[in-house]
Structures are given as C-alpha cells and as structure tokens.
Amino acid sequence: MSYILVVDDEKDIRDLIGQILLDEGHTVKPAHNSTAAMDYINNEEPSLIILDIWLKDSEMDGIEILKSVKQNNPLCPVVVISGHGNIEIAVAAVKQGAYDFIEKPFNIDQLLLVINRALEASRLRKEVFSLQNKEINESRMIGGTGAFKILKQKLDKLIKSNGRILISGPSGSGKEIAARYIHQNSQRANNRFLTVACASIQSEKMEELLFGQEIEGKVNPGLFERAHGGTLFFDEVADLPIGTQAKILRILVDQVFFRVGGKNVVRVDCRIISSTSKDLAKEIDEGNFKEELFHRFNVVPIRIPSLEERILDIPLLSTHFIDWLAKNEGLPNKQLTESAIRKLQNMSWPGNIRQLKNTIERALILGTSKTVVNPDDIFEFIETEKNNFQGNVLDFNSEFFADKSLRSAREEFERAYLKYQISKFGGNVSKTASYVGMERSALHRKMKLLNIESTLKEK
C-alpha cells in the first residue's frame with residue numbers, strides 16, 4: 001500500500017491515526033515535531049502526510065512544514081488537521097497547497113475518505129507528470145548537422161512569438177516533434193498541446209471534435225476550447241474537409257465560434273501550428289484547399305529536412321532512441337557498433353526519423369547480442385530498407401559485370417559509390433572524404449580520374 005507520515009504533537013492522535021491506517025494496510029511513520037518529520041521526508045518521500053497545524057516544542061509549525069513540503073516535494077499530498085479549526089486556518093492551509101483540511105475531533109470514515117481521495121489524486125498527478133516528462137523527452141531536438149542547426153535556430157526564434165506556423169516536410173521527418181518543441185519552450189508550456197489528426201477523423205465528426213457540442217444544456221468542449229491558453233496542432237492540414245476549412249478560417253480571423261447545437265459565443269486563445277507533407281499549392285489549384293486558409297496558416301513557414309539530408313545525425317538519433325526505448329519501453333540498452341552505424345547511414349530512409357526509430361526498436365527486440373547492435377541485427381529484420389539500400393548504392397547485378405574486366409568493373413563500382421556518397425552529403429567535400437576514409441585532395445583526384453562532375457562544397 002502507501003507510506004503515510006503522521007505529524008502531531010499528541011501521542012494519542014498519532015497512535016489512533018496510525019492504527020487506523022495500519023488496519024487499512026498502509027505503512028505509517030509517526031513524528032511529534034518538525035525535526036522528526038523533516039528527517040522522515042528527507043530520507044524517503046511519503047505517499048501522503050497528515051499534518052497538525054499546532055506543534056508544541058517544534059522549530060516549525062504545520063504551515064511552515066507545509067510550505068517546505070510543497071517547495072521540495074510538490075507532488076506529495078498533505079492533509080492538514082487541527083483542533084483549533086477556523087475558516088482562516090483552513091484557507092491559509094489550502095493556499096499553501098494542502099489537499100484538504102479536517103477539524104479535530106474528526107470522523108474516522110471522513111478521514112479515510114479524504115486520505116483515499118488524496119492518494120488517488122496524487123497517483124493521477126504523478127502519472128500526468130510522468131507523461132509530461134515523457135512528452136518533453138520525445139520533443140527534444142537531436143542533431144548536429146548544418147541542416148539541423150539552421151532548423152533549430154529558426155524554431156528558437158519562434159518560441160517567443162504567438163504567430164501561426166506551417167511546418168512542411170516529408171512524412172516521418174519530425175514535424176510534430178518540432179511543433180512540440182516550440183510549445184514546450186514557449187510561455188504556453190504549462191497549458192495543453194493538443195493534436196488534430198486531420199487525415200484520420202471522419203469529416204462528419206470534425207466539427208464536433210473541433211468546436212464541441214451542446215445537447216440539452218450539456219456542454220462537451222471541443223479541441224479549440226480545451227486548447228485555450230495552449231497550442232492546437234493540425235497534423236496534415238491538407239486533409240481537412242473543405243467545409244470545415246471555411247469555419248476554421250472564421251475562427252482564425254475572429255477567435256470566436258459556436259459549439260455544434262449551441263447558441264453562446266465561445267472565445268478562445270490558442271496558438272495554431274499546422275503541418276503538411278503535401279504540396280498545398282497543388283491542393284489549392286485542384287480545389288482541395290482554400291487559398292485564404294493557406295495564407296492564414298502560413299504566417300511563418302518552416303521546412304523540416306529529410307533524414308537523408310542530415311545523414312550524419314543518425315548516430316545521435318539512434319543513441320537517443322536506444323536510451324528512450326530502454327527507459328520507457330523496458331528494452332535492453334545496447335550500443336551500436338561502428339559497422340552498424342555505417343549500415344544505417346547507407347540505408348534508404350523514405351520513412352525518415354519515424355522509420356529510423358522503428359528500425360532501432362526492432363533491432364533491440366530481435367538482435368542476437370545482449371550488449372550491442374550489429375549490422376546483421378539491422379539487415380536481417382529490415383528487408384525493405386536493405387533492398388532500397390542496395391538499389392540506391394549498388395545498382396548492379398552479375399550480368400552487368402559479366403563482360404567487363406576487373407579494372408572496368410571496379411571503376412564502375414567506385415563511380416556509382418562516390419556519386420551516391422557525394423549526393424548523400426549534399427556535395428560537402430570534407431564530410432564525404434571523411435566518411436569514405438579519404439583525404440580531401442585524394443577524393444578530388446579520384447573524382448577527376450573517374451570523370452565525376454560535381455558542385456562539391458569546400459567545407
């Protein structure tokens with residue numbers, strides 16, 4: 001059950017409450033003054049504290065102990081009891097963060113009811129806190145390439161503003177992560193971040209979901225209302241029903257709306273961030289998306305690079321996913337071998353970061369080693385990615401080489417290989433040379449020898 005600390009200067013009260021809680025299966029620690037109470041608290045955080053306001057022969061009274069607990073152990077619920085109960089004391093205790101106030105002499109059933117409610121509320125708060133921390137961890141921006149640094153600089157500039165943002169980029173590239181990053185680091189971080197999954201919601205249900213509903217006086221708030229003070233994220237905004245687009249447009253202009261079936265005007269203040277993997281200009285031309293709504297969403301455009309544009313971030317991202325999966329999913333915390341990293345960097349990533357995460361997860365689950373991820377762990381279980389890699393890098397077969405000399409075949413292989421690596425690193429000389437294990441000058445000589453034309457960047 002739970003560990004409950006009972007702080008009261010009267011031994012009879014401590015014994016009475018302690019016996020009641022022991023009968024309920026709880027572990028109980030009694031304290032007669034602030035010194036004993038703080039020793040218990042500093043040693044191990046209780047599940048709940050029952051605290052008397054007036055403590056004889058104590059350096060701190062109950063209110064002071066309460067202040068200290070709420071400062072250092074904010075998730076620990078405190079039930080305040082007092083034989084000198086009045087409204088002022090009760091109000092003061094609640095203002096300092098007490099869960100409830102009970103006047104002595106108390107009813108045992110009432111005390112147990114308050115304790116059980118406090119424990120349940122604490123459990124839910126801790127779950128929410130854990131999920132929030134998990135969410136924050138998921139929203140971390142991981143990377144070190146030039147493309148990533150440029151992206152993060154842009155996102156950091158947007159944190160202080162409330163402007164609407166349209167995030168574009170290929171599927172799985174991390175558009176929602178970028179949106180969450182903005183929210184978690186903004187002044188709206190203490191309020192909700194809610195997602196509208198535009199592609200998966202039935203059009204006839206969209207308005208109820210967004211605007212809420214009123215039925216016979218009963219109010220069911222929608223996402224706009226629930227996101228008040230926070231951020232509302234439209235995931236794949238191109239898939240919004242055309243009829244709903246017109247109503248959203250009106251909200252963006254006026255920040256007011258009516259619930260479905262309602263007559264009262266609802267005013268909201270939420271930041272709008274949207275994303276798309278589609279070409280919205282094309283969607284507008286085809287009549288699938290309102291041009292005016294596009295301009296409302298697209299106040300600040302942000303493009304997320306594909307994983308193949310930031311291939312050097314794969315080791316950092318992979319390590320992050322391994323750590324995250326170990327902490328949150330209970331998977332083994334393995335290390336990637338250098339050869340496994342090279343395999344990952346040479347794969348095709350049409351699913352981008354989402355695909356990489358799935359790849360790492362499968363390797364941790366199905367890998368043969370208990371401590372490391374080997375190349376075979378990746379390719380054995382990811383045939384699609386393996387085939388893509390082979391097709392992109394080595395588009396050859398035995399018939400292609402059949403009528404070629406060894407020298408000619410080697411040159412064809414080297415030419416294809418270097419072209420791929422050059423393209424992968426965006427034409428960066430230093431990064432390409434470092435990756436393939438050559439000096440920059442040697443790479444230039446090899447390219448000239450193989451007649452490879454390029455606009456390589458000297459960085």
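Structure data summary
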{"read-out": "Considering only region 133-257, percent of DSSP beta bridges that pair antiparallel, nearest 5", "value": "40 percent"}
{"read-out": "Distance between region 144-183 and region 253-272 - C-alpha centres, whole angstrom", "value": "27 Å"}
{"read-out": "Those trypsin sites (Lys or Arg not before Pro) in region 254-356 that DSSP places in a loop and that have at most 12 other beta carbons within 10 Å", "value": "Lys263"}
{"read-out": "Computed over the chain, the ratio Rg/Rh where both radii use C-alpha atoms and Rh is Kirkwood", "value": "1.11"}
{"read-out": "Value of D in µm² per second that Stokes-Einstein yields for region 6-54, Kirkwood Rh from Cα pairs, at 4 °C (1.567 mPa s)", "value": "118 µm²/s"}
{"read-out": "For region 195-262, diffusion coefficient by Stokes-Einstein and Kirkwood Rh (Cα), 20 °C, 1.002 mPa s, µm²/s", "value": "174 µm²/s"}
{"read-out": "Vicinal HN-Hα couplings computed from phi for region 20-34 (Karplus, 6.51 cos²θ - 1.76 cosθ + 1.60; Hz; Gly/Pro x)", "value": "4, 6, 4, 4, 7, x, 8, 8, 10, 10, x, 9, 9, 8, 5"}
{"read-out": "Where only alpha carbons of region 220-378 are counted, the Rg and the Dmax (Å)", "value": "21.7, 64"}
{"read-out": "Residue-span extension gain [Asn333 to Asp15] - 0.36 nm each, minus C-alpha spacing", "value": "109.8 nm"}
{"read-out": "For region 161-303, the Rg and Dmax computed from alpha carbons only, in angstrom", "value": "14.7, 45"}
{"read-out": "Volume per residue of the C-alpha convex hull in region 106-243, rounded to whole Å³", "value": "174 Å³"}
{"read-out": "Estimated FRET transfer efficiency (Ala416, Ser161; beta-carbon r; R0 41 Å; 0.05)", "value": "0.30"}
{"read-out": "Kirkwood Rh and Cα Rg combined as Rg/Rh, region 21-117", "value": "0.93"}
{"read-out": "Formal net charge of residues neighbouring Val256 (Cβ-Cβ distance under 14 Å; K, R +1; D, E -1)", "value": "+2"}
{"read-out": "For the chain, calculated [θ]222 nm from helices alone, where every DSSP H run of n ≥ 4 adds -39500 (n - 2.57)", "value": "-15500 deg cm²/dmol"}
{"read-out": "DSSP beta bridges in the chain [antiparallel fraction, %, rounded to 5]", "value": "15 percent"}
{"read-out": "Inter-label distance, nm, simple model (7 Å from Cα along the C-beta direction), Met1/Lys263", "value": "5.3 nm"}
{"read-out": "Reduced Cα scattering model of region 297-369, Debye log10 I(q)/I(0), q = 0.14, 0.18, 0.21 Å⁻¹", "value": "-0.47, -0.71, -0.90"}
{"read-out": "Degrees, to the nearest 10: 440-449 long Cα axis against longest axis of the chain", "value": "40 degrees"}
{"read-out": "Farthest positive-ward along the chain dipole, Cα basis, beta-carbon charges - from Leu443, Leu112, Gly426", "value": "Leu443"}
{"read-out": "On Cα atoms only, tilt of 406-424 relative to the major axis of the chain in degrees", "value": "40 degrees"}
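Bear in mind that the values in this text are calculations on the coordinates, not laboratory data. This one's a predicted model, so the numbers in the text were calculated from it and none came from an experiment. A quick note on method: Cβ atoms are made from the backbone with ideal geometry, for glycine too, and the neighbour counts reach across all protein chains shown.
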